Each structure stands twice: as C-alpha cells, then as structure tokens.
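Read-outs: derived from the displayed coordinates by stated rules, not from any lab. All values derive from a computational prediction rather than experimental measurement. Every residue, glycine as well, gets a Cβ built from its backbone with ideal geometry; the counts of neighbours run over all protein chains shown.
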Amino acid sequence: MTIQDLRDVNEPLATASTTETIVSVAARQLAGKRRVFAGVGLPTLAVDLALRVYNPSVELVYESGVCGAHPTAMAEGIADSVLVSGAESVLPMAALFGYVLQGGNVDVGFLGAAQIDRHGSLNTSVIGDWRKPKVRLPGAGGAGEIMANADEVFVIMRRHDHESFPAELDFCTSPSPVRARAAGRGIQPRGHGVSHVFTPLGVLSRPDRFGELELTSVHAGVSVDEAVAATGWDLKVADEVTVTPEPSAEEVRLLREEIDRVRLYLR
C-alpha cells in the first residue's frame, strides 16, 4: 500500500488525541528528508511514524552515536538497546558530532523544548531564575550542536501558552542564528535553525533564517485568534493559514498499537 493509498482509504479519525495530531503532522514534514538527528520523546514517535508511512528510506541518527537505526521497538532513551540492534553503525561521540553533524550531513534536527522564543531559540535548562529555578530541566545535551549544524530544526511542543512561548526565555540553552548573530562572538552557526514548530494549536514556521516564527496552520477547531492569544509575543500570521489535516485512522492505529503500545509518550 502506498502513502497515497493510506491517505485515500483512511478517513480522518475524529477521536485522535492532541498528541497524535502533533506527531502525525510532524511525521508528514519528514517526507523527502534524507537524514534526521532525532531527540527522545515525541520526536521519537514522529520519526518512527515517518519511517513507516511517509519516508521509508530516512536515516535515523541518535545522540548516543547510532547512525542508520532500525529499531524493532520504541526507544525509551538515546541509549536504548533497540536503537543499537540492527543499526548500520555506532560511532564514537567525537565522530558523530565532528563528522556527521558538524560536517553538514544532517538534514533535520528534531528536538523538544520547554520554551521557545520568536526566533527559535530554545530553553531546556531551567524554568524561573537560574539560581532558584521553579524547575530544573535536563539541560542542553546535544541540542546546541544540532541547532547550529543541522540544515534545519523541527521542534515539537506539548504546550502552547505564554510560559512555553514567552517573550523572553528564562534561559537560552540553544541559540537561534538570530541570537548568535546578535551576540557577535565565535563561529556563527551554519544551519537555518528552527524551521517548523508543532504545537497543540497548530504549526509555526520560520522561512527566513533571520526572521521570526509565523503561524502557518491551525488544528481543526482552533482559531487563529486563539493561537495568537496563547503566544507570549505578537505572533506573526501568514497570509494564508491552513487547517491541519487530521491524523488518518491508520496513523492512529500505528501510534497506539505498534509504535507506543505502553503509552510512554502518547497521552
């Protein structure tokens, strides 16, 4: 069965969850991409769905050094053994970051974040004051390198509100090209930075490398005004805002019955 067959024979499933909608939209954007540096969490679901439905030849790369992963089950972390078994190669960290990522060999870096600003800088370090944070988060990992060196970056967010989309980040873990240029120090990033953000309300895109995110799509039942009001800055709106296609019954079945059967990430 082809991708088009799936689209034709499966009507949108009205009972799809918000998480399933976000993941399916993100997976479709991976069609035609060659190599994806995937983070854990919702990016894991999206790349797995893309591999099964939209892009069976995509190469999955993980921060643990795994290149060309062919997981037989859902990965619960970057060092999960299911990523290593059957992989095309496992590289030392220096080779992964120095040759694969910094060498310009990653089409898409796929990340999650706690906060994102209007230019696509990310916070994965703390919520609140650095010295006395409300929440201390995992930190950068490889996100800073991915932001700087992947051709483009996709970000998937579980929330779309003023805390997750603030006018000013509580802390900048991974600077966008805009922020890096403004700092004016060190080697400037080669990549575009964040190109797409997938949220519970819609899709934000950033076509200009030094521009702002703009609303390009809203999910069914969500208005443009709702998405703008939920954003902590004056969100730009594209000239034509589309309505996001809902997940097909087959996409939802794959997510629930084959990809995340234990509901680790699906909620």
Going Cα to Cα from K236, which aspartates and glutamates come in below 12 Å? Please leave out same-chain ones fewer than 8 positions away. E212, E214, D225
Just order 44-51, 88-95, 68-75 by mean Cβ neighbour count inside 10 Å, highest at the front, would you? 44-51, 68-75, 88-95
Can you compute the charge dipole magnitude of the chain about its Cα centre, using +1 on each Lys and Arg Cβ and -1 on each Asp and Glu Cβ, nothing else charged? Give it in debye, rounded to the nearest 20. 840 debye
Length-normalised contact order for the chain - Cα pairs under 8 Å, 6+ apart - percent: 20 percent
In the chain, taking the dipole from +1 charges on Lys and Arg beta carbons and -1 charges on Asp and Glu beta carbons about the Cα centre, the listed residue (L235, I127, S217) farthest towards the positive end is I127
Helix-only mean residue ellipticity at 222 nm for the chain, each DSSP H run of n ≥ 4 adding -39500 (n - 2.57), per residue, nearest 500: -5000 deg cm²/dmol
Formal net charge of residues neighbouring A16 (Cβ-Cβ distance under 11 Å; K, R +1; D, E -1): -1
Neighbour-count order for W130, W233, fewest beta carbons within 10 angstrom listed first: W130, W233
Considering the options A50, A75, P247, tell which one lies farthest towards the positive end of the dipole of the chain, charges being +1 on Lys and Arg and -1 on Asp and Glu at the Cβ, about the Cα centre. A75
Please arrange D107, D239, D225 by counting, for each residue, the other beta carbons lying within 10 Å of its beta carbon, fewest first. D239, D225, D107
The stretch 108-244 - share of DSSP beta bridges that are antiparallel (%, nearest 5): 50 percent
So how strong a dipole does the stretch 108-244 carry about its Cα centre when Lys and Arg Cβ are +1 and Asp and Glu Cβ are -1, to the nearest 20 debye? 680 debye
